[in-house]
1. I need the full set of residues from the range 36-80 which are farther than 26 Å from Q113 by Cα, hydrophobic (A, V, I, L, M, F, W, C) and not in a helix (DSSP H, G or I), in order please.
2. Being closer than 18 Å to V258 by Cα, hydrophobic (A, V, I, L, M, F, W, C), out of contact with any Pro (no Cβ under 7 Å at 6 or more places or on another chain) and surrounded by 14 or more Cβ atoms within 10 Å (Cβ to Cβ) narrows it down to one residue among A124, A137; which is it?
3. Test T277 against the stated conditions and say whether it is more than 16 Å from the chain's Cα centre (by Cα) and hydroxyl-bearing (S, T, Y).
4. Does C98 satisfy being buried (at least 17 other Cβ atoms within 10 Å of the Cβ) and free of Cβ contacts under 8 Å to residues at least 12 places away in the same chain?
5. Would you confirm whether or not the range 218-226 contains a residue that is in contact (Cβ under 8 Å) with a residue 24 or more places away in the chain, surrounded by 14 or more Cβ atoms within 10 Å (Cβ to Cβ) and within 19 Å of E132 (Cα to Cα)?
6. For I211, are the conditions met, namely being in contact with an Asp or Glu (Cβ under 8 Å, 6 or more places away or on another chain) and not in a helix (DSSP H, G or I)?
7. Give me the residue from the range 181-208 that is part of a loop (DSSP other than H, G, I, E, B) and at pLDDT 95 or above and, out of that set, nearest to the chain's Cα centre (by Cα).
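The values are calculated or read from the model by the stated rules, or taken from the named source; none is laboratory data. Just so you know, these numbers come straight off a predicted model, no measurement behind them. Using ideal geometry, Cβ is built from the backbone for each residue, glycine included, and neighbour counts are taken over all protein chains shown.
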Amino acid sequence: MPNTLFLQVIRERFDNLTKSEKKIADYVLENYMRVVDYNIAELSEYTQTSDASIIRFCRTFGCKGYQDFKMRLAREVVPTYKQYNPNLEEGDTVDTICHKVFSASISALQETQQMLNGESLLLAAQRLYEAERIVIACSGNSLVVGEDLRIKMLKIGIRCSLDKDYDLQLMSVSSLTERDVVICISHTGSTKNLYELLRMAKKNHAYLILISTQMKAPIAQLADLVISVCGKETMFHSESTSARMAEMAVIDSIMAVVAKNHLDDYSDLLNKSRLATAKNKF
């Protein structure tokens with residue numbers, strides 16, 4: 001958490017806040033990078049408080065209202081590269097478009113890093129290492145991320161499955177047990193097929209890991225462990241490329257933890273996989 005003056009003021013005044021204001025303060029302090037993008041209805045939903053409580057909270061800290069609060073917060077916590085409209089505009093040059101696309105990815109990576117919990121990554125790594133079977137569940141644009149994870153696992157000898165056909169996915173999870181893990185990658189966390197897939201896996205007592213931008217999505221309610229990433233959709237990305245970048249970085253982090261904690265197991269396997277493909281390179 002950055003040591004900004006505004007967040008410091010919220011922390012210092014926390015004990016004097018009402019019960020509702022404390023709920024809002026807790027959420028703001030933990031999710032400040034997301035709050036700057038929320039409207040008042042979204043913050044109300046996530047904090048389980050009323051719009052009126054949020055307005056009172058904002059005024060407690062000398063702000064005229066919620067928009068004033070967000071602007072003050074954004075000035076302190078949002079990097080300069082994020083303080084512009086990320087959507088394409090009529091007058092944008094090629095250089096401007098490139099800047100927006102790259103900046104969106106940089107923003108998503110930095111925001112995700114700030115939100116990551118080391119204990120969650122360690123738990124995910126341990127579960128994957130100990131699992132008898134691993135099923136990677138994803139669809140649509142997230143298949144690219146899932147395939148990246150599958151390749152990383154294959155390189156160190158971890159057996160896993162990734163099926164693109166929904167019927168095959170159902171078959172894969174139908175025989176899972178409590179010794180197995182499903183790792184689901186879903187940008188929205190609201191895909192019906194994935195929800196049904198995880199619901200079946202949960203009935204079989206498999207351990208469910210979700211990587212998503214939506215902590216309160218339907219699929220998140222099924223998961224045993226949710227790892228949150230950032231990446232807002234824009235008018236030129238139906239599913240945010242920046243979110244996929246963040247998801248891949250999270251996967252890289254988890255697999256690095258797995259490899260680091262079990263170097264004796266995996267170093268030889270990694271060398272073998274490199275040698276196996278070396279003959280195909282110049």
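1. F61, C63
2. Step by step, each of A124, A137 is checked, and only A124 is closer than 18 Å to V258 by Cα, hydrophobic (A, V, I, L, M, F, W, C), out of contact with any Pro (no Cβ under 7 Å at 6 or more places or on another chain) and surrounded by 14 or more Cβ atoms within 10 Å (Cβ to Cβ).
3. Spelling it out, T277 is indeed more than 16 Å from the chain's Cα centre (by Cα) and hydroxyl-bearing (S, T, Y).
4. Spelling it out, it is not the case that C98 is buried (at least 17 other Cβ atoms within 10 Å of the Cβ) and free of Cβ contacts under 8 Å to residues at least 12 places away in the same chain.
5. Yes, that holds for at least one residue.
6. yes
7. Per the criteria, the residue is A206.
Yes or no, residue by residue, for (1) more than 26 Å from L263 (Cα to Cα); (2) assigned to a helix (DSSP H, G or I):
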{"site": "V145", "(1), (2)": "no, yes"}
{"site": "K152", "(1), (2)": "no, yes"}
{"site": "Q169", "(1), (2)": "yes, yes"}
{"site": "R179", "(1), (2)": "no, no"}
